[in-house]
Structures are given as structure tokens and as C-alpha cells.
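K.L.:
A single structure is presented below for examination.
Every number in this text was worked out from the coordinates using simple rules, so none of it is lab data. Quick caveat: nothing in here was measured; it's all calculated off a predicted structure. Positions of Cβ are generated from backbone atoms using ideal geometry, with glycine treated the same way; all protein chains shown enter the neighbour counts.
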């Protein structure tokens with residue numbers, strides 16, 4: 001059985017930026033609601049939506065960072081604060097191996113697990129210290145090297161399931 005190990009940098013980055021982002025988006029939200037009480041303003045509605053999206057994105061990434069992976073000979077377990085998902089290895093159709101790019105053109109290899117032509121999970125070398133060990137364990141699942149654009153990657157990180165092909 002293999003257990004995932006977290007990288008320290010993403011956790012520290014989120015640890016320092018999450019409170020600031022939540023405070024700013026809450027302040028933005030409260031100010032916009034105060035203005036809306038006096039009359040409708042399209043800009044304020046956009047600010048409310050923007051502040052809610054910022055909060056959701058940071059909280060979602062916090063949940064991703066705290067997702068633990070356990071792989072045994074029969075199944076893959078993804079366990080986080082809010083969800084507990086188990087995929088049998090036979091259920092996974094294939095894996096997509098690709099790269100995600102960060103600032104300064106740093107590339108992180110990423111595995112997307114595909115079930116019923118939908119990308120159901122993401123395992124990134126940015127998030128996990130023992131990514132290579134996890135990848136070696138998943139070698140029994142057929143792998144395809146496909147390009148996934150940045151917009152699709154962002155949608156997957158937010159938690160929306162998208163088609164693999």
C-alpha cells in the first residue's frame with residue numbers, strides 16, 4: 001500500500017495567502033452588499049460574484065491540498081475533509097499524463113484519472129512529494145499522453161468534471 005506525502009511549498013503558500021484572500025473577498029462582499037442596499041449597481045453585483053469565486057477557489061484548493069491518496073492492489077482511495085472516494089483499478093479506463101505550468105515556466109507532471117470518458121481525479125507532482133512512486137504504482141493502468149489546455153486544467157482544479165477527449 002502506498003500513501004501520498006505532501007509537498008511543503010504549496011501548503012505554506014496557501015497557509016499565508018488563504019487568510020488574506022478570504023479577508024479581502026469578505027470585505028469586498030460586505031462593501032458591495034452595502035452599496036446594493038441603496039440601489040442596484042451592476043458593478044457591485046460583479047464584485048460580489050468575483051469575491052465569492054475567489055473564496056471558493058482558495059477553499060477548494062485548500063481541500064485539494066489536504067486530499068490523501070492510498071493505493072493498494074485493488075483500489076485507489078482519495079480522502080479529504082468533504083469527500084471520500086474509492087475507485088477500483090478496473091474501473092479506471094486510462095490515465096492522462098501531462099504537464100501543468102506554473103510561474104516562471106516551471107512544469108509539473110500531472111496524472112488525470114479517466115473513468116467513463118470523464119476526468120475524475122488529478123494527481124500532481126506539485127502537490128505530492130512521492131509523485132514518482134504513485135506514478136509507478138499506477139503503471140498497470142493504460143496511459144495516454146494528451147495535451148490539456150490551461151483553461152481545462154483550471155476547471156478541473158476547481159472541481160468540475162470534464163471530458164477527457
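K.L.:
Can you tell me which of (1) farther than 24 Å from residue 160 by Cβ; (2) out of contact with any helix residue (DSSP H, G or I) (no Cβ under 7 Å at 6 or more places or on another chain) is the one residue 36 doesn't meet?
P.N.:
Looking at each condition in turn, residue 36 falls short on (2).
K.L.:
What residue, among those in the stretch 111-145 that are buried (at least 19 other Cβ atoms within 10 Å of the Cβ) and without any contact (Cβ under 8 Å) to a residue 24 or more places away in the chain, is farthest from residue 70 (Cα to Cα)?
P.N.:
Per the stated criteria, the residue is 125.
K.L.:
Select from the stretch 132-165 the residues that are closer than 18 Å to residue 89 by Cα and in contact with a strand residue (DSSP E or B) (Cβ under 8 Å, 6 or more places away or on another chain) and list them in ascending order.
P.N.:
133, 134, 135, 137, 138, 141, 142, 143, 144, 164
K.L.:
Does residue 154 fit the bill of being without any contact (Cβ under 8 Å) to a residue 40 or more places away in the chain, outside any loop (DSSP other than H, G, I, E, B) and under 18 Å from residue 75 (Cα atoms)? First the steps, then the outcome.
P.N.:
Working: without any contact (Cβ under 8 Å) to a residue 40 or more places away in the chain: yes; outside any loop (DSSP other than H, G, I, E, B): yes; under 18 Å from residue 75 (Cα atoms): no.
Spelling it out, it is not the case that residue 154 is without any contact (Cβ under 8 Å) to a residue 40 or more places away in the chain, outside any loop (DSSP other than H, G, I, E, B) and under 18 Å from residue 75 (Cα atoms).
K.L.:
A further question follows. Step by step: first the residues of the stretch 88-109, then only those that are without any contact (Cβ under 8 Å) to a residue 40 or more places away in the chain and assigned to a strand (DSSP E or B), then the one that is surrounded by the fewest Cβ atoms within 10 Å (Cβ to Cβ). Which residue is that?
P.N.:
Result: 88.
K.L.:
Of the residues that sit in the stretch 74-87 and are in contact (Cβ under 8 Å) with a residue 12 or more places away in the chain and closer than 21 Å to residue 139 by Cα, which one is surrounded by the most Cβ atoms within 10 Å (Cβ to Cβ)?
P.N.:
Only one residue tops the list, namely 76.
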